[in-house]
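See structure below.
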Amino acid sequence: MDWARLEETIAIGEETMRMAWECYQLRRAIPCPMPSQDHFSAFVPKHFRLGTREALDFYKELYAEVKHRADNKMSTVPEEKYRMLWGGGLPPWHTLGIFNYFESKGAVFVIETAYRPWEPVEIPKAVTDPLEFLAWRYFKRITYRYEKARKNGVDPSVQLLLDYIDDYHIDGMMMHQTATCRASTIGQIHHKNMVQEHVKIPTMFMESDIVDVRAYSEADTKMRVDALVETMESNKRAKSYA
């Protein structure tokens, strides 16, 4: 066992995840400089190459690009009308073009729960053993929102959605009910109902598989998108009259 190499790998991984997290904070900008469909490509290095210099370099370059776009107010669409949250489930890999349909309506997915980078957490300075560090890191990440969630009387997963809705100025939310990844869909209806108790936000459920296009109806999905956009527009008009 090479303990020095393990410590170095963990340190690189921590820096990589922090850089990815900082990059995603830039997506709070209006207009959004990086949409979810870009994220669903950019998440790969931190998931499968974490702890390598290549992954760290990738997110340094990504941060520079997204910051440039944010500083210069470069948008994903000509006019960003609605800011969307991908609130649950994995992406429909067979039909990522659905994002383009949203964007044709001026709706941009600005943040997502799937494959998200973890928030930086503070590990006790007395921890020096690398295995103990990994245990602390996992514990801290899982319990990051517990205290705030308790005060609001919600599940930490719901608290994440509420934080995103507030921090990223979300107008609407979509959840993907995937037939072959129930682990990512369990509790979606409950989460949606809990969110609605704190903030009234239009929510759409998309039903399909992760990769099997036979479980997907493009016509039905686009009809739901149209209805969601109409609701978001109605909410915006109501706020402008208030």
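The values are calculated or read from the model by the stated rules, or taken from the named source; none is laboratory data. The model shown is predicted, which means the values in this text are computed figures rather than measured ones. All Cβ positions, even for glycine, are placed from backbone atoms using ideal geometry, and neighbour counts span all protein chains on display. SASA here: full protein model, heavy atoms, side chains in, ligands and nucleic acids out. Shrake-Rupley method; radii C 1.70, N 1.55, O 1.52, S 1.80 Å.
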Can you give the FRET efficiency for LYS125 and MET74, using 1/(1 + (r/R0)^6), R0 = 35 Å, r = Cβ-Cβ distance, to the nearest 0.05? 0.30
Once label points are set 7 Å from the Cα along Cα→Cβ at both ARG141 and ARG18, what is their separation, rounded to one decimal in nm? 1.5 nm
Give the ranking of ASP2, ASP220 by solvent-accessible surface, highest area first, calculated with a 1.4 Å probe. ASP2, ASP220
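By how many nm would the segment from GLU233 to GLU132 grow when fully extended, if each residue of separation counts as 0.36 nm and the alpha-carbon distance is taken off?
31.3 nm
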Helix 130-142 versus the longest principal axis of the chain: what is the Cα-based angle in degrees, 0 to 90, to the nearest 10? 20 degrees
As I understand it, the value is the acute angle between the Cα axis of helix 53-71 and the longest principal axis of the Cα atoms of the chain; what does it come to in degrees, rounded to 10? 40 degrees
Scalar couplings 3J(HN,Hα) for the stretch 93-108 by Karplus 6.51 cos²θ - 1.76 cosθ + 1.60 (θ = phi - 60°), nearest whole Hz, x for Gly and Pro, are 4, 6, 9, 5, x, 5, 4, 5, 5, 4, 5, 5, 9, x, 9, 10
Classify the stretch 130-232 from the C-alpha gyration tensor, please: rounded if a/c falls under 1.5, else prolate or oblate depending on whether a/b exceeds b/c. oblate
Largest to smallest accessible area among PHE139, PHE109, PHE48 [probe 1.4 Å]: PHE48, PHE139, PHE109
When the chain is modelled as a GNM with alpha-carbon springs shorter than 10 Å, which of VAL154, VAL77, VAL199 fluctuates the most? VAL199
State to the nearest 20 debye the size of the charge dipole of the chain about its Cα centre, where the only charges are +1 on K and R beta carbons and -1 on D and E beta carbons. 560 debye
Counting sequence-distant residues (5 or more places) and residues on other chains, those with an amide H built under 5 Å from that of THR203 are MET173
Is the stretch 141-189 best put as rounded, prolate or oblate by its Cα gyration tensor, with a ≥ b ≥ c the root eigenvalues, rounded for a/c under 1.5, and otherwise prolate when a/b is larger than b/c, oblate when not? oblate
Inter-part distance where the stretch 21-70 and the stretch 127-161 are each reduced to a Cα centre, Å: 23 Å
Choose one answer from LEU161, LEU134, LEU62: the residue with the largest mean-square fluctuation in a GNM of the chain with alpha-carbon springs under 10 Å. LEU134
Among rounded, prolate and oblate, which fits the stretch 75-195 when a ≥ b ≥ c are the square roots of the eigenvalues of its C-alpha gyration tensor, a/c under 1.5 means rounded, and a/b larger than b/c means prolate? prolate
Accessible area of the stretch 85-242 belonging to carbon and sulfur atoms, whole % at 1.4 Å probe: 53 percent
When the chain is fully extended, how far beyond the present Cα-Cα distance does MET223 get from ARG182, taking 0.36 nm per residue of separation? 12.3 nm
GLY88's amide H: which non-local residues (gap 5+, or another chain) put their own amide H closer than 5 Å, with H modeled 1.01 Å from N in plane and none for Pro or chain starts? THR113, HIS176
Using a probe radius of 1.4 Å on heavy atoms only, what accessible surface per residue do you get for the stretch 4-80? Whole Å² is fine. 53 Å²
Can you give me the solvent accessible area of ARG69 with a 1.4 Å probe, rounded to the nearest 10 Å²? 60 Å²
Can you sort PHE40, PHE205, PHE58 by solvent-accessible area, 1.4 Å probe, largest first? PHE58, PHE205, PHE40
